[in-house]
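The values are calculated or read from the model by the stated rules, or taken from the named source; none is laboratory data. Small disclaimer: the values here were computed from a predicted structure and weren't measured. For neighbour counting, all protein chains shown are included, and Cβ atoms are generated from backbone atoms with ideal geometry for every residue, glycine included. Ligands, DNA and RNA are excluded from the accessible area calculation, which covers all protein heavy atoms including side chains. Shrake-Rupley method; radii C 1.70, N 1.55, O 1.52, S 1.80 Å.
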Amino acid sequence: MPDTLNTLREACHFINGVYTVGTSGRTFDDISPVTGRKIGIVHEALKPEVDAAVAAARAALHGPWGKMTQAERSDMLHAVADEINRRFDDFLEAECLDTGKPRSLASHIDIPRGAANFKVFADLVKNVPTESFMLDTPDGTGALNYGVRKPKGVIAVISPWNLPLLLMTWKVGPALASGNTVVVKPSEETPLTTTLLGEVMNAVGVPKGVYNVVHGFGPDSAGAYLTEHPGVDAITFTGETQTGEVITRAAAKGLRQVSMECGGKNAGIVFADCDIDKAVEGTMRSAFANCGQVCFGTERVYVERPIFEEFVARMKAGAEGLKLGAPEAADTTMGPLISNGHKEKVLSYYKLAEEEGATIVTGGGSPDMGELNGGAWVQPTIWTGLTDDARVIREEIFGPCCHIAPFDSEDEVIARANDTKYGLVTAIWTEDLSRAHRVARQIDVGIVWVNSWFLRDLRTAFGGAKASGIGREGGVHGLEFYSELSNVCVKL
Ligand code: NDP
């Protein structure tokens with residue numbers, strides 16, 4: 001098996017417990033978003049590699065993994081989490097190489113959550129009851145009904161690039177805890193931590209074929225071949241809504257179940273009675289953390305008119321105080337976007353905002369990063385002055401930017417927040433708790449945060465309404481997706 005460094009510089013598939021370059025003979029470059037320079041190569045999987053990975057996952061269902069007790073599987077997933085933590089620095093290096101995100105961010109969020117995703121579901125699966133009913137029968141003897149959860153089978157995991165380890169393990173954790181096997185196709189932009197996890201699986205003795213990785217792109221590549229593969233029993237996806245539609249169509253063949261965590265155009269709602277220090281701090285994070293590449297990100301901020309000017313001024317100062325830089329620099333608070341391709345997309349929205357008549361409060365272009373100018377750098381940007389029908393207000397940009405608009409009444413802001421095809425999250429800032437509850441219930445989203453943002457309890461339901469997704473993961477909801485519930489009816 002290659003050592004860590006080789007694994008990082010040459011991302012291979014991980015199939016049946018073995019790293020392999022496959023037979024496609026095709027590779028693509030792994031590019032640093034910090035410099036724009038190549039940091040390694042990635043082997044591309046085509047049909048034969050996907051076939052092999054799915055076959056390995058299928059076989060593993062009937063091997064030692066399938067015969068383990070739930071407690072044994074949970075212990076093994078705890079060992080996976082412990083091994084991720086033991087190799088924390090390797091995961092940190094890999095994640096920062098691929099994404100360019102600040103080490104301070106990845107070491108507080110991405111890597112710890114990557115480990116926690118295994119522990120939480122390993123524990124949860126042991127403590128979730130199933131239903132049972134006693135049925136009265138005419139002969140008076142009755143019948144006992146009880147539910148049994150079984151693994152669904154081979155799960156295809158298609159994951160994005162913004163929080164690579166976190167979002168991939170968020171699916172792999174509950175899938176394995178429920179006794180399934182997985183084939184993961186990470187984003188082509190971020191192959192490294194998914195690859196490295198193969199070493200962890202082998203180190204703690206996870207049976208071969210339980211965790212498989214194939215690299216490649218979406219259409220006509222690993223992603224499409226995997227999601228169309230008849231040997232896959234269910235598909236869990238995080239990414240753009242349009243990609244989710246394509247995958248849902250692929251899943252329709254054979255009626256495979258899907259879990260879709262897709263895009264958003266999230267609103268932040270700031271009432272005049274909020275604690276403005278907390279509201280500014282939280283909205284700053286929601287707009288600029290991870291260079292704005294968080295599905296929960298707040299790109300539409302509505303501020304009650306009495307505090308609008310002050311709020312905009314404080315957000316401007318906050319954005320201008322962000323320190324753009326390389327991941328390892330201790331004072332870096334914002335990294336680059338994921339790629340120069342994504343930079344072009346974000347900059348096209350910066351241009352569009354001007355064309356649509358926005359007032360640029362700060363930013364609006366790319367910064368001079370000196371020797372890092374080849375990287376995917378853009379300025380944190382704030383606009384005001386757009387009307388609600390502007391494309392910048394309606395379309396997900398996924399960059400470090402937000403538009404701030406004033407509002408005058410609760411009903412008005414609820415209607416404006418809901419005026420979107422998406423429904424992922426909303427953050428409400430107010431010290432009036434009755435108002436918070438009242439407004440929260442009227443926003444058409446999967447998650448509402450009150451006086452917080454990205455505060456996650458992994459036992460709770462997670463997912464989006466409308467075009468932001470299908471289904472819920474998290475807590476028992478994840479276990480429901482990753483297992484098949486059978487009812488046993490026993491006539492007494
Ligand atoms: P994409 O939809 O572009 O890609 C997601 C994954 O799907 C990647 O692995 C991609 O491969 C793969 N893929 C693309 N096309 C296909 C296809 N036809 N068949 C199978 N797989 C395919 O999303 P991004 O990676 O750009 O991630 C950003 C998006 O993710 C944003 O819209 C964001 O809102 C959303 N997101 C949603 C979250 C949520 O929980 N709701 C959380 C985080 C992000 P490749 O990259 O190799 O092309």
When (1) modelled with pLDDT of 95 or more; (2) in a helix (DSSP H, G or I) are applied to ALA45, the one that fails is (2)
GLY36: passes all of (1) part of a helix (DSSP H, G or I); (2) over 22 Å from GLY25 (Cα atoms); (3) open to solvent by 10 Å² or more (accessible area, probe 1.4 Å) but (1)
Taking region 207-247 and the residues there that are of a type in the set (S, T, N, Q) and open to solvent by 50 Å² or more (accessible area, probe 1.4 Å), the one that is nearest to VAL80 (Cα to Cα) would be THR243
Kindly check whether there is at least one residue in region 93-104 that is of a type in the set (S, T, N, Q), part of a helix (DSSP H, G or I), over 23 Å from PHE462 (Cβ atoms) and open to solvent by 20 Å² or more (accessible area, probe 1.4 Å). yes
The residue that is least open to solvent (accessible area, probe 1.4 Å), considering only those in region 9-31 that are of a type in the set (Ser, Thr, Tyr) and part of a strand (DSSP E or B), is TYR19
With criteria (1) within 23 Å of GLU44 (Cβ to Cβ); (2) near the ligand (Cβ under 8 Å from one of its atoms), THR241 comes up short on (1)
Filtering region 361-413 for residues that are open to solvent by less than 10 Å² (accessible area, probe 1.4 Å), in contact with a helix residue (DSSP H, G or I) (Cβ under 6 Å, 6 or more places away or on another chain) and not in a strand (DSSP E or B) leaves a count of 6
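Listed here are the residues, each with its yes/no results for (1) within 16 Å of the ligand (Cβ to nearest atom); (2) touching a Pro at 6+ places or on another chain (Cβ under 9 Å); (3) open to solvent by less than 30 Å² (accessible area, probe 1.4 Å); (4) among the polar types (S, T, N, Q).
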| residue | (1), (2), (3), (4) |
| --- | --- |
| LYS265 | yes, no, yes, no |
| GLY292 | yes, yes, yes, no |
| CYS295 | yes, yes, yes, no |
| ALA319 | no, yes, yes, no |
| ALA326 | no, yes, yes, no |
| ASP331 | no, no, no, no |
Of the conditions (1) surrounded by 21 or more Cβ atoms within 10 Å (Cβ to Cβ); (2) at positive phi; (3) not hydroxyl-bearing (Ser, Thr, Tyr), the single one that ALA353 does not satisfy is (2)
Filtering region 136-165 down to residues that are more than 20 Å from ALA53 (Cα to Cα) and assigned to a strand (DSSP E or B) yields ALA143, LEU144, ASN145, TYR146, GLY147, VAL148, ARG149, LYS150
What do you reckon, is ALA52 among the aliphatic types (A, V, I, L, M) and in contact (Cβ under 8 Å) with a residue 40 or more places away in the chain?
no
Open item on the list: Condition first: of a type in the set (Phe, Trp, Tyr), open to solvent by less than 10 Å² (accessible area, probe 1.4 Å) and under 30 Å from ASN487 (Cα atoms). Can you find one or more residues in region 166-174 that meet it?
Closed with: yes
Of (1) assigned to a loop (DSSP other than H, G, I, E, B); (2) over 19 Å from the mean Cα position of the chain (by Cα); (3) within 9 Å of the ligand (Cβ to nearest atom), GLY209 fails just (3)
Within region 122-134, of all residues that are open to solvent by less than 90 Å² (accessible area, probe 1.4 Å) and touching a strand residue (DSSP E or B) at 6+ places or on another chain (Cβ under 6 Å), the one farthest from VAL172 (Cα to Cα) is SER132
Within region 447-472, residues under 17 Å from the mean Cα position of the chain (by Cα), within 26 Å of PHE288 (Cβ to Cβ) and buried (at least 19 other Cβ atoms within 10 Å of the Cβ) come out as ILE447, TRP453, LEU458, PHE462, GLY463, GLY464, ALA467, SER468, GLY469
Those residues of region 293-352 which are of a type in the set (A, V, I, L, M, F, W, C) and over 27 Å from SER452 (Cβ atoms) amount to ALA326, ALA329, LEU347, LEU352
Check your understanding: Are any of the residues in region 253-262 open to solvent by 30 Å² or more (accessible area, probe 1.4 Å), on the phi > 0 side of the Ramachandran plot and of a type in the set (A, V, I, L, M, F, W, C)?
Key -> yes
Listed by first then second residue, the pairs whose first member lies in region 84-104 and is in contact (Cβ under 8 Å) with a residue 24 or more places away in the chain and closer than 21 Å to GLY292 by Cα, whose partner is of a type in the set (D, E, K, R) and part of a helix (DSSP H, G or I), with beta carbons under 6 Å and at least 6 positions apart or on separate chains, are GLU95/ASP110; CYS96/ARG103
Within region 423-470, restricting to residues that are among the hydroxyl-bearing types (Ser, Thr, Tyr) and touching a residue at least 24 places away in the same chain (Cβ under 8 Å), the one that is nearest to the ligand (Cβ to nearest atom) is SER468
